[in-house]
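Throughout, read-outs are computed from the coordinates displayed, never taken from laboratory work. Remember, it's a predicted structure, so these values are computed and weren't measured experimentally. All Cβ positions, glycine included, derive from the backbone under ideal geometry; neighbour counts span all protein chains shown.
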Amino acid sequence: MITIGENETKYVYLTLGENQTLVGTTLSTVYYLFEAENNDTQYKTQWLSEDESTNQNRYNKFLFNNTGTFSLNSEFSLPVGTYDYRCYETLLTDLNTDNATSVLETGLMRVTGVASTTFNGYSDNDNDTNYTYYE
């Protein structure tokens, strides 16, 4: 599981090499297209990230920047919640998952922070029963 805070920038380490089919050359670069789907709203966000690993046969290192909205530079903006993520390999710099070559990994991603939930209390006229509901 990937865990990142709201408005946080951090490195994320994955092992994608065993499923990778594309190989970068001097004429082409392999890009990694990430897609996160919110488990509550099904809203999808995509962003591209380049592998910064020095040993790609062992691990892949990505900078995740959850502070912005520019999706072509490892930047994205996800609110607090739980997401299903997918990592695709592609030779293109667009955010269309249909143009990606293959899915390299799927998993869960959790964005932590302070949730913006309002709590309202409710009580009836009965003195021995109190109820609390959440919006």
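Using the count of nearby Cβ atoms within 10 Å as a rough guide to exposure, how do Glu18, Glu75 rank from fewest to most?
Glu18, Glu75
How far apart, in nanometres, would the label points at Asp94 and Gln56 be if each is projected 7 angstrom from Cα along the Cα-to-Cβ direction?
So the label points at Asp94 and Gln56 sit 2.3 nm apart.
Within segment 41-58, name every residue whose backbone N is under 13 Å away from a label modeled 7 Å from Cα of Tyr11 along the Cβ vector.
51-56
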